[in-house]
Structure formats: structure tokens, C-alpha cells
Amino acid sequence: EDLEALVNEQQERIEELETRKDLDIVSVAERIDRIRELIDRGDYYEAKQLSIETADIAGVSGDEVDGWSFFRRGLQAEAKRRREKAVDLFEKAEERVESSIIRPRLYYGWARALRRLDRDDRAIELYARLCREFPTQHLCDDARFHTGRLHQFHNDHAAAREAFIELVGLH
């Protein structure tokens, strides 16, 4: 907990410095990941504020901003275990989000909600889409791992092995 408190304190100091000096020290991707962390902690208001600031920094507007909002609200619904609502919000986000920063995170969150609703085939499709469209994105490895685990769960050991081989880079 002490380490988490220190990290949060440092993050707040960086954000304060950015605001005061009109700087962009933390990347948009890092900010999006921070939004997820805030939501996981239940800090929904802070997540919303950071989402608004990040969209402004990234220069997005119109439908894209709506998409970011749907994405954030989908993460929030998932955190509250309102998974049907989360899936609905992620679907709406996908229609509007163009950002290559948000899209892989959208697919990942959406797949997570689907997994928890036992819609494993659709989750696997989204994980595959994430890795196909964003093969160097750090979430791709996690997606391959979860794909392998889902295949194991369904006793499709050949497909599980393939996912794990891709994960360790033997292909």
C-alpha cells in the first residue's frame, strides 16, 4: 500500500506540474491506462476528469469524444459488475472511437466483460482482433494468454497450445 500511495502522490504531482506549466509529461496512452486504474479503485469522478483532460490534450472532438466517454463508462460498468451494460457501452464506443490508443484497450475491456458473461467465442474474436490490428500493443500478450486459457477451459487444447506458442514467440 505504501508503494501505491507513493505512486499516486507522484502521479498527482506530475499532473499538477503539467497543468501549471502547460506541459505534456505523461503520454496519452499512460493517461488512458491511469483512467483504468482510477476506475478499478472506484475513483469514477477523477477518471471522468482525467478522461476529459486527456481528450483535450489529444485534440479529439465530436463523435470521438463520445466514443471515449462510452469507453470510460464501459470500464466503469465492468468494474461495478454490470457486464451487459458494459458490453453495450463498449459496442457504442467501437462505433465512434478511431484512436489507436483507445481501440486496443477497448477491445481488451470488451473481451473481459464478454468472458465474464460466458460469451467466450466473442471474447476470443476480440482478443484476436486486438492482436491483428495492434500486434505490438502490450495488451496483445495478455490477450493471447487469455485466449489460451479460454481454449483450455473449452478443452480445445490444440488452439490453446497455438495461443501459448504465439505468446512466447515461437512462431
Name the residue from Leu38, Gln137, Leu106 whose Cα lies farthest towards the positive end of the charge dipole of the chain, charges +1 on Cβ of Lys and Arg and -1 on Cβ of Asp and Glu.
Leu106
The answer for the net charge of residues other than Glu94 whose Cβ lies under 13 angstrom from its Cβ, with Lys and Arg +1 and Asp and Glu -1, is -3
The answer for the longest stretch of the chain without any exposed GluC sites (Glu not before Pro) (DSSP loop, at most 12 further Cβ atoms within 10 Å) is 2-97
At R0 = 25 Å, FRET efficiency that the Cβ-Cβ distance of Glu53 and Phe145 yields, to 0.05
0.20
Measuring with a 1.4 Å probe in the full set of protein chains, what accessible area per residue, in whole Å², belongs to region 60-171?
53 Å²
Cα gyration tensor, region 22-110 - rounded (a/c under 1.5), prolate or oblate:
oblate
Note: Arg82 to Arg122 extended length (0.36 nm per residue) minus current alpha-carbon separation gives 12.6 nm
Rounded to whole angstroms and listed largest first, the alpha-carbon spread of the chain along its three principal axes comes to 55, 32, 29
First compute the accessible area of region 22-171 with a 1.4 Å probe, then give the percent of it belonging to carbon and sulfur atoms.
46 percent
What percent do you get for the relative contact order of the chain when only Cα pairs under 8 Å and 6+ apart count?
12 percent
Using DSSP to define loop residues, name the trypsin sites (Lys or Arg not before Pro) in region 17-114 whose beta-carbon has at most 12 other beta-carbon atoms within 10 Å.
Arg81
Size of charge dipole - region 66-129 - debye, nearest 20, with Cβ of Lys, Arg +1 and Asp, Glu -1, no other charges:
360 debye
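The values are calculated or read from the model by the stated rules, or taken from the named source; none is laboratory data. Everything numeric in this text was worked out from a predicted model, so none of it was measured. Heads up, the Cβs are rebuilt from the backbone with ideal geometry, glycines too, and the neighbour counts pull from every protein chain shown. Just so you know, the surface numbers come from the protein's heavy atoms only, side chains and all, with ligands and any DNA or RNA stripped out. Shrake-Rupley method; radii C 1.70, N 1.55, O 1.52, S 1.80 Å.
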